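The values are calculated or read from the model by the stated rules, or taken from the named source; none is laboratory data. Quantities reported herein were computed from a predicted structural model and do not represent experimental measurements. Note: ideal-geometry Cβ built from the backbone for every residue, glycine included; neighbour counts use all protein chains shown.
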Amino acid sequence: MLQKNKLRLGVLPIKRSYLSLDVAAVEKDRMFSVIRAIKPEAVTLVDIEDICNRGVAYRQEDIKAVVEKFKKEEIEAIFLMHCDFGEEEIAVKIVRSFRLPLLLWGPRDQRPNKPGAYGRDTQCGIFANSKVLLRNNITFSYIYNVDTDSVEFRDGYENFLRTAMIVRDLKDLRIAQIGQRPRQFMSVIASEGALMESFGIEVVPISAYEIITQTISLADSDDAQVAEEVRKLKDKMDCSGMEEVQLRRIAALKKIVLARMEENGCRAGAIECWSLFPAAMGIPPCMIISELADMGLPLACEADLNGALTSVIAQAAGLNEQAVFFADLTIRNPENDNSELLWHCGPFPYSLREEVCRARMVDGQATWQLKKGDITILRCDDLAGSYYLTAAEGSAVEGPETTGSYVWFGAKDWKTLEETFVYGPYIHHVAGIYGNYARVIEEAARYLPLKWDKPGGYPKSL
């Protein structure tokens, strides 16, 4: 099961001081009735009902009270909810105390002003507030001025939750580095210092020697948990081609790596795989990469630190509700010009497999095809002191059978994506997640110290 921590969203309804509080409160209640039903399992709403009149901020004394409550509640994002024109001064003085992902929005007014009856002028106030936010260097997200009950609002609000989750999950991130990159893989060179300086991400070196020696010792013992893990592996897939000692070492390796990551507070990792573990203990770590991915702890192959960072972004875009897979971009489909093989030698999560295909383990590596569905692939990488991020949407399509764990990725225009990866500072490694999240990932890039690369932004190849 994936480990999930709910996003803590501070909801800040605002109104103009001289406009009707009764009308504003009705609009606030309408909006809350909608957002309470959107992803309640992924977000905790922090309101201001207990500190502001009718739960709406519009007075000077509301500023201090709201800031104090939001800080006490340790909010991780803010929804600036216009109930009418709003008060720019109240809003900006509250949100600039946090510098968190911010959603600016207000519902579409149902009618214009009438003689003797001043309306809400919600959209007018949004234009005013956006200028003040920009002047204060506050980054914000926005949903088009639509009605509260519209699909556009629901989709935009959920997308903001995903955006905020990405930003939240990169904060204070610790990545386990197990071993070193393979000598031949110059492409995965990354800087611990740059990750720290740019994102505040800490790389935690974990001795591969200690993990290997502890794994062998545990596998040779009578540990009941190791025996249970072996039983689970046999229940899930065909292990007839594996020796019992290999299965025990896989089970023990999972337990040891999981313990080291938990001890060091790491939510992702990068591991030296085929270049070390087979020679040292007779099996690669592919299966434990698969198993830990299903627990929400992605491990990037070939000690790819930037790949681990990319995997965290992908998983957060999915609100940590599903596993992500870490793949090579390998070959174009010989039967489909707009399809690419996403492949690796066996680390894809079991939960994402195509149920009708035969799941088996060969030489410690998973062999199965992933399921059909929409897929987003992405990559975050660095060059010359700057970080870049790109993402593209497609779907799983039919293609020739192959070895290892794989899926054929069908894109609208593969040539454009290929050029983006070649001209951009990217390599052959990508994180993949089921669903369409390119827009969410692009929006998250606005809050992060990196540059968004929209596929197709490079010169066409000759």
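Being out of contact with any Cys (no Cβ under 7 Å at 6 or more places or on another chain), assigned by TED's automatic domain parsing to the domain that holds residue 435, of a type in the set (D, E, K, R) and under 23 Å from residue 166 (Cα atoms) is true for just one of 337, 304. Which residue is that?
Numbers: 337 fails: under 23 Å from residue 166 (Cα atoms).
From the options 337, 304, the qualifying one is 304.
Condition (residue is farther than 19 Å from residue 212 by Cα and in contact with a helix residue (DSSP H, G or I) (Cβ under 7 Å, 6 or more places away or on another chain)) applied to the range 279-295: is it met by at least one residue?
Scanning the range 279-295 turns up at least one residue that is farther than 19 Å from residue 212 by Cα and in contact with a helix residue (DSSP H, G or I) (Cβ under 7 Å, 6 or more places away or on another chain).
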Original post:
So how many residues does the range 353-377 have that are surrounded by 23 or more Cβ atoms within 10 Å (Cβ to Cβ) and under 30 Å from residue 451 (Cα atoms)?
Top reply: 3
Original post:
Name the pairs: first residue in the range 440-451 and at pLDDT 95 or above, second residue hydroxyl-bearing (Ser, Thr, Tyr) and in a helix (DSSP H, G or I), Cβ to Cβ under 7 Å, at least 6 apart or on different chains?
Top reply: 440/163; 443/163; 444/163; 449/198
Original post:
Within the range 241-288, can you find the residues that are of a type outside the set (A, V, I, L, M), in contact (Cβ under 8 Å) with a residue 24 or more places away in the chain and part of a loop (DSSP other than H, G, I, E, B)?
Top reply: 241, 264, 265, 266, 267, 272, 273, 274, 275, 282, 284, 285
Original post:
Are any residues in the range 303-331 buried (at least 24 other Cβ atoms within 10 Å of the Cβ) and either acidic (Asp, Glu) or in a strand (DSSP E or B) (or both), and if so, which ones?
Top reply: 304, 325, 326, 327
Original post:
Which residues, taken from the range 68-117, are surrounded by 17 or more Cβ atoms within 10 Å (Cβ to Cβ) and assigned to a helix (DSSP H, G or I)?
Top reply: 69, 70, 88, 90, 91, 92, 93, 94, 95
**OP:** Select from the range 173-190 the residues that are farther than 18 Å from residue 326 by Cα and at pLDDT 95 or above and write down the one among them that is nearest to the chain's Cα centre (by Cα).
**Re:** 173
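Give the residues of the range 20-40 that are in a loop (DSSP other than H, G, I, E, B), charged (D, E, K, R) and in contact (Cβ under 8 Å) with a residue 40 or more places away in the chain, sorted by residue number.
Restricting attention to the range 20-40, the residues satisfying the condition of being in a loop (DSSP other than H, G, I, E, B) are 20, 36-40.
If we keep only those that are charged (D, E, K, R) as well, we get 36, 39.
If the condition is that a residue be in a loop (DSSP other than H, G, I, E, B), charged (D, E, K, R) and in contact (Cβ under 8 Å) with a residue 40 or more places away in the chain, then 39 is the only one that fits.
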**OP:** Quick one: in the range 380-420, of everything that is out of contact with any helix residue (DSSP H, G or I) (no Cβ under 6 Å at 6 or more places or on another chain) and of a type in the set (Val, Ile, Thr), which residue is surrounded by the fewest Cβ atoms within 10 Å (Cβ to Cβ)?
**Re:** 403
Original post:
Pairs under 7 Å by beta carbon, first residue in the same structural domain as residue 445 (by TED's automatic domain parsing) and closer than 30 Å to residue 248 by Cα in the range 364-389, partner of a type in the set (Phe, Trp, Tyr) and outside any strand (DSSP E or B), six or more apart or different chains?
Top reply: 366/348; 370/348
**OP:** Would you be able to say whether some residue in the range 440-459 is β-branched (Val, Ile, Thr) and either part of a strand (DSSP E or B) or out of contact with any helix residue (DSSP H, G or I) (no Cβ under 6 Å at 6 or more places or on another chain) (or both)?
**Re:** no
**OP:** List the number of the failed condition for residue 160; all other conditions in (1) within 29 Å of residue 384 (Cα to Cα); (2) buried (at least 21 other Cβ atoms within 10 Å of the Cβ) hold.
**Re:** (1)
